Amino acid sequence: MSSVLMGQMMDRPLLISSLLLHAERFHGDTEIVSRTVEGPIHRYTWVEAARRARQAAKALERLGVRQGDRVATLAWNGYRHLELYYAISGTGAVMHTINPRLFPEQVAWIADHAEDQVLFFDITFAPLVDAVAAKCKTVKTWVALTDRAHLPEMKNVKPLSYEDLIGAEDDRYVWPEFDERAAACLCYTSGTTGNPKGVLYSHRSTLLHTFAVPLPDVMNLSARDVILPVVPMFHVNAWALTYVGAMIGAKLVFPGAALDGASICELFENEKVTFSAGVPTVWLGALQHLKQTGKKLSTVKRMVVGGSACPPALMEAFERDYGIKLIHAWGMTEMSPLGTVCTMKNRHLELSKEEQFKVELKQGRPPFGVDLKIVDEDGKELPRDGQTSGDLLVRGYWIVDQYYKGDKSPLQGGWFPTGDRGTLDSDGYLTITDRSKDVIKSGGEWIGSIDLENIAMAHPAVAMAAVIAAKHAKWDERPLLVVVKKPGAEVSRDEMLKFYEGKIAKWWTPDDVVFVDALPLGATGKVQKNKLRDEFGERLLTA
C-alpha cells in the first residue's frame, strides 16, 4: 500500500490578526484617514491602528468576551470600526456587523438571533439602539464609539465610552493562534422577504477571499493606491477592502456618515484617492454633483460598482467626461462577497471601443477560487454560449455551506443557488439578466428587466428607473416601467415607450409607464421591487 509523501512546509494558520501584524511591521507609516461622526477628520497610521486594536482586544477580554462569542457593531466606515474588525476576530470572537438601515425590528431580531454579547455603536445610531435595546436579550454591554465628552443621553441604555474602555488598557497583547476554520465574522443577508439569514465566515475563507480581491485581474490594488470604501463596513465587510488595505499596505480613507456626492468627491480630491467601490446609487449622486459644479476628479481612475447592475449611461458618462473607469462586479453576502469582476483579457484589447464596451457591460469573470455554472429548471447544465439564460449556481473557497443556525444546507449537489438568472460565455464572463424572482414571464417567454432598465436610464430626462412584472389578463405578466425624472426635466409616457424603438424586440417594450418621486431603496441601496409590485402589480389589469 503506497503512502502519500507530505510536503515539508510551515503550517501557519490563516488568521485575520496576521493581516494587522503585517501592516504594522511593513507598512506602519501608511496613513488611515477618517471623517468622524463628531465632525473632524481623524488621521493616524497602521502602527497606531494596530496598537489601539490590541488595547480593544484586552478590553473585550475584560468584558468577558470569549472565543466564539458574537460581538456586534452598528457603525459607519471609520477608524474605530476598523480597530474592532481586527480586535474582535483577532481574539477568536466573532465580529457581527449589523446593517443600521434595516428596520428596527429586523435589527433587534438579528442581534437576538446572533446572541450578541456586546454591541458597539456610532453615536448617530443612539436612537436606534434605544429603540431596540429591550429586545436584544443577550447583549450585556453597550459601547458608544466616541469619547466621554460626546456620550449620548439615552433612556434605555447606559453606554460605555469606547475611548475610556480601551484607554484603560495597555497594548501588551499577543494575538492568539487557533484553528483557521474558526468563525471570524457574521453577516446577515438583506433579503426582502422573511427574516435575514446569517452567513458565518471563517478566518480561512476570509483570508483566501482577501488574497483574491487585489489581484491584477480583479480590483488591481497595491501599496501605491489610496482606497476609499464607499461600500459600508456593515455590508459584507466592505467587500474586504478593510482587510485588503492591511494586506497590501494601502492608505485607507473612510467617509463616515457623509455619503452624498459632494462629500465623497471632496474626500477624493483632498486625500488623492485612486480607487473606490460602491453601489450605483452612490455613483449617480457623485456624477450629479460633478455636473452641477463643473468640478473634476484629478486622481480617481477606477471605481468598482456592485450591488446591482450599473446603467451603461452612467459608465459612459464617467469615462467620457471624467476619464474614470466604472468596473462591474457581482457577488453576494453568501460569497464573502466576491464572485466576478469585469476586466479584459488580452484579445479584447484589439477590439474597437464599442466592442470593448459590450464586454464591460457584463458582470465579469470569476477569479481563481470561484466556479460558476448555469442550469435549467431541471438542474441540467446549460451551454456557455453567451446566449442561453439559466439559473446561476456557484461554489468555491469563500462561499456559504450552510446558514448560521440553519437546519439544512441550501446547496444543490455541492453548488449554491444564487437566485440570479444569467448567461455565461465561452470565456466565463457572466451577464446577469435578472433576479429569478424579478424575471418577467410573458406568454410563456422570459423578459429580463435589467436590459429594459438600462435603456430607460439612458434617456436624458430619467434619473432612476425600474421595471417590474405587472399582471396581465392575456399574457399573464407584462413589463411595467417605473420612472423617477431628473429635477426640472419632462418626459411623457409615449416618449418613454418610443425611446425603446429599435433597441429591443418589440414585444419586450413595457406596456405602460408610471412616474414616481422616488424608488424604494433597501438597506444596501438596491431597488425594492417587491414594494413596487405590491403598489403597481395590478396596474395593467385596472388600466
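The values are calculated or read from the model by the stated rules, or taken from the named source; none is laboratory data. Just so you know, these numbers come straight off a predicted model, no measurement behind them. Note: ideal-geometry Cβ built from the backbone for every residue, glycine included; neighbour counts use all protein chains shown.
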*asked:* It is to be established whether one or more residues within the stretch 446-460 are surrounded by fewer than 19 Cβ atoms within 10 Å (Cβ to Cβ), hydroxyl-bearing (S, T, Y) and either assigned to a helix (DSSP H, G or I) or not assigned by TED's automatic domain parsing to the domain that holds P312 (or both).
replied: no
_Of the conditions (1) within 28 Å of L128 (Cβ to Cβ); (2) assigned by TED's automatic domain parsing to the domain that holds R101, I16 satisfies every one except a single condition; which number is it?_
(2)
*Among the residues of the stretch 96-113, count how many are modelled with pLDDT of 95 or more, within 15 Å of F234 (Cα to Cα) and touching a Ser or Thr at 6+ places or on another chain (Cβ under 9 Å).*
4
*Just for the stretch 209-236: of the residues that are charged (D, E, K, R) and under 15 Å from K301 (Cα atoms), which one is nearest to the chain's Cα centre (by Cα)?*
D225
*asked:* Just to check your reading of the model, which residue among V199, V236, V244 is touching a helix residue (DSSP H, G or I) at 6+ places or on another chain (Cβ under 9 Å), free of Cβ contacts under 8 Å to residues at least 40 places away in the same chain and under 27 Å from R66 (Cα atoms)?
replied: V244
*asked:* Can you say whether P255 is more than 21 Å from E319 (Cα to Cα) and either surrounded by fewer than 24 Cβ atoms within 10 Å (Cβ to Cβ) or touching a His at 6+ places or on another chain (Cβ under 8 Å) (or both), as far as the supplied structure shows?
replied: no
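Condition check ((1) over 24 Å from the mean Cα position of the chain (by Cα); (2) under 28 Å from K251 (Cβ atoms); (3) modelled with pLDDT under 95; (4) not hydrophobic (A, V, I, L, M, F, W, C)) across all residues:
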{"residue": "A313", "(1), (2), (3), (4)": "no, no, yes, no"}
{"residue": "F318", "(1), (2), (3), (4)": "no, yes, no, no"}
{"residue": "K325", "(1), (2), (3), (4)": "no, yes, no, yes"}
{"residue": "A329", "(1), (2), (3), (4)": "no, yes, no, no"}
{"residue": "Q356", "(1), (2), (3), (4)": "yes, no, no, yes"}
*Take T418 and decide whether it is farther than 12 Å from E334 by Cα and crowded, with 21+ Cβ neighbours inside 10 Å.*
no
*Are there any pairs with C-beta distances below 7 angstrom linking a residue in the stretch 488-499 that is over 18 Å from V467 (Cβ atoms) and in the same structural domain as D517 (by TED's automatic domain parsing) to a residue that is assigned to a loop (DSSP other than H, G, I, E, B) and aliphatic (A, V, I, L, M), with the two at least 6 apart or on different chains, and if so which?*
A489/A461; E490/A461
*Tally time: how many residues in the stretch 164-189 are part of a loop (DSSP other than H, G, I, E, B), β-branched (V, I, T) and either in contact with a helix residue (DSSP H, G or I) (Cβ under 8 Å, 6 or more places away or on another chain) or touching a residue at least 60 places away in the same chain (Cβ under 8 Å) (or both)?*
1
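A quick yes/no check of all residues on (1) in a loop (DSSP other than H, G, I, E, B); (2) within 13 Å of T274 (Cβ to Cβ):
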| residue | (1), (2) |
| --- | --- |
| L200 | no, no |
| L208 | no, no |
| D217 | yes, no |
| A223 | yes, yes |
| P232 | yes, no |
